[in-house]
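This report refers to the structure that appears directly beneath it.
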Amino acid sequence: MSETQAVEAEQTPRKRGRPAGSRKSATVMLHREIVDCTKKGTGMSNREIADKVGCDRRTVGAVLAKYGINKDELEEYRDNQADILLGIQKNISVSITEADIKSASFRDRMVGMGIAIDKYRLITGQSTANISAWLGIVKDAQIKGANPPIDVTPIP
């Protein structure tokens, strides 16, 4: 083997494909920025989004079309999301029969009950956190001599 061949053999082979930081990854990042600006719901026009992310306004329109994002529909959904989800919740709720519940596994019924309790507490403004666990931590800290002592007196 000649000296030149030995040097070439020691060199790592060239990687195929695009180098890191290629145009493709820049395009993906641009698409992500456009979608993020649109999802934030700031009411920005395509031109304003294009100016912010540094591209042409037609690129913004093309990206949104590619991902099936209609800004007007997105805004309408965002404005009415609570009502839309309430309707879906009602449809699902009335479609569950006693037979569905009885045919579900014990585990699934328990999980469903836990979720229902949690959502009920959330809707009625009750705490969904495990207050007793936190109270135990605070009391343990007091026993161990927290300085200054932590006041756990309930707020009137």
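The values are calculated or read from the model by the stated rules, or taken from the named source; none is laboratory data. Just so we're clear, the structure is a prediction, and the values are computed from it rather than from any experiment. In this analysis, Cβ positions are derived from the backbone assuming ideal geometry, glycine residues included, and neighbour counts consider all displayed protein chains.
What's the number of the only condition in (1) surrounded by 11 or more Cβ atoms within 10 Å (Cβ to Cβ); (2) within 30 Å of Thr27 (Cβ to Cβ) that Ala65 fails to meet?
So Ala65 meets the others, but not (1).
Can you tell which of Asp83, Asp51 is exposed (fewer than 12 other Cβ atoms within 10 Å of the Cβ), among the charged types (D, E, K, R), without any contact (Cβ under 8 Å) to a residue 12 or more places away in the chain and not assigned by TED's automatic domain parsing to the domain that holds Lys119?
Exactly one of Asp83, Asp51 is exposed (fewer than 12 other Cβ atoms within 10 Å of the Cβ), among the charged types (D, E, K, R), without any contact (Cβ under 8 Å) to a residue 12 or more places away in the chain and not assigned by TED's automatic domain parsing to the domain that holds Lys119, namely Asp83.
Between residues in the range 57-70 that are assigned by TED's automatic domain parsing to the domain that holds Cys37 and residues that are among the aliphatic types (A, V, I, L, M) and assigned to a helix (DSSP H, G or I), which pairs lie under 6 Å by C-beta distance while being six or more apart or on different chains?
Pairs that qualify, where the first residue is assigned by TED's automatic domain parsing to the domain that holds Cys37 and the partner is among the aliphatic types (A, V, I, L, M) and assigned to a helix (DSSP H, G or I), are Arg57/Ala50; Val60/Ile34; Val60/Ile49; Val60/Ala50; Val63/Ile34.
Conditions (1) at pLDDT 90 or above; (2) surrounded by 11 or more Cβ atoms within 10 Å (Cβ to Cβ); (3) hydroxyl-bearing (Ser, Thr, Tyr); (4) within 19 Å of the chain's Cα centre (by Cα), marked per residue:
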site	(1), (2), (3), (4)
Thr4	no, no, yes, no
Ser25	no, yes, yes, no
His31	yes, yes, no, yes
Asp56	yes, yes, no, no
Asp72	no, no, no, no
Asn91	yes, no, no, no
Thr97	yes, no, yes, no
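Of these, Ser105, Ser132, which one is exposed (fewer than 10 other Cβ atoms within 10 Å of the Cβ) and either assigned by TED's automatic domain parsing to the domain that holds Gln89 or at pLDDT below 75 (or both)?
Selected residue: Ser132, the only one of Ser105, Ser132 that is exposed (fewer than 10 other Cβ atoms within 10 Å of the Cβ) and either assigned by TED's automatic domain parsing to the domain that holds Gln89 or at pLDDT below 75 (or both).
If a residue must be at pLDDT below 90 and β-branched (Val, Ile, Thr), how many such residues does the range 38-54 contain?
2
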